[in-house]
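Only one structure is covered here, and it is reproduced in the block below.
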């Protein structure tokens, strides 16, 4: 039988390597491990603080938006990416809580099986996997938005379906195995069979359940990392290649403007120049820097199972996992820098001049589309009525027409 709860580690603190055997329910932590876990938890707290500040800003802008007359309010979700990015923020918050929970082990100077261990295992599995899947969903959507020849329709039901699928998947692998693998008997090798055990400096999936560890989390971390590179890099070159040379007289075939204009408007929203387009490359770069070092340690552990029982691996493992726990902070910075138009972040108190003319299919999908004069990006808001009248009178042009007699194009930011 294995036991849960604390044990007396007084005589074991100096024998750290011998107390981190695989598949055990009790690990006594050395001073170095306690310091590393404290730093580990602090990085999670930094990410959580950044995420909560971002949500507070969104909530404040939403509250100010609600103070406007009903017909002049801006919708919180103006595009598909708003829903996907909010889901990523929630996943990062859950992941941050999983890191912060390490402070409990640092306080007790040991890691042991029990309800707290199970709770941390669930938090870590759900948070890290949902963050990876959400990152992948945003990357796929961004790539498709740039590659398509027409502007992506706002489909909240499809986005909510993706979000629901993500959370059902992580719940499946985080909770159901915990309910099944609850035996307190030791296996034939003397190892514990609990689903969540010390691994060794915090609680996660038992090392004997390697397939579950890979399918529940590692696989998606790697797919999200490889997918980000495989999607954002081609998207960057697509965006860059669509930019006309400065001063060139771009000729378009008949119908090309109508056929590809919306797709180009998606690309141009982030690529006024090459430096703006290059911002997309920060997504795979940041994700790779967060995931790759920790993945190398984990792969080494797969090849040499006794590696994690060595005190020499403590420092690099703590450093790499701490960087990984800063992913929430990095995502906040990327959102603020590259996607400032999502979730009302660009709201400055001005009313929606389009009012009730906002497209009905943004509220109820599959309803007949009504043309909207309200831009989806508040930064690209139309001029005030007075300024518009002055401009029209000065130029002698009909409203909504440019000086070439063509319909005025509104460049929107979809990703």
Residues in the stretch 148-157: is at least one modelled with pLDDT of 90 or more and part of a helix (DSSP H, G or I)?
yes
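Name the residue, out of 129, 125, 142, that is surrounded by fewer than 24 Cβ atoms within 10 Å (Cβ to Cβ) and under 26 Å from residue 224 (Cβ atoms). Step through it out loud before you land on a result.
Numbers: 129 fails: surrounded by fewer than 24 Cβ atoms within 10 Å (Cβ to Cβ); 125 fails: surrounded by fewer than 24 Cβ atoms within 10 Å (Cβ to Cβ).
Just a single option satisfies the conditions, and that option is 142.
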Only one of these conditions is not met by residue 189: (1) modelled with pLDDT under 90; (2) surrounded by 14 or more Cβ atoms within 10 Å (Cβ to Cβ); (3) more than 27 Å from residue 40 (Cβ to Cβ). Which number is it?
(2)
Flag if residue 94 is modelled with pLDDT of 95 or more and assigned to a helix (DSSP H, G or I):
yes
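Rundown of residues vs (1) surrounded by 13 or more Cβ atoms within 10 Å (Cβ to Cβ); (2) at pLDDT 85 or above; (3) touching a strand residue (DSSP E or B) at 6+ places or on another chain (Cβ under 9 Å), yes/no style:
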position: 265; (1), (2), (3): yes, no, no
position: 275; (1), (2), (3): no, no, no
position: 280; (1), (2), (3): yes, no, no
position: 284; (1), (2), (3): yes, yes, no
position: 311; (1), (2), (3): no, no, no
position: 318; (1), (2), (3): yes, yes, no
position: 334; (1), (2), (3): yes, yes, no
position: 362; (1), (2), (3): yes, no, no
position: 365; (1), (2), (3): yes, no, no
Pairs with Cβ under 8 Å, 6+ apart, first in the stretch 332-346 and on the phi > 0 side of the Ramachandran plot, second part of a loop (DSSP other than H, G, I, E, B)
343/76; 343/77; 344/74; 344/76
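The values are calculated or read from the model by the stated rules, or taken from the named source; none is laboratory data. Note that the structure is predicted; figures quoted are calculated from it, not measured. Virtual Cβ from ideal backbone geometry, glycine too; neighbours counted across all protein chains shown.
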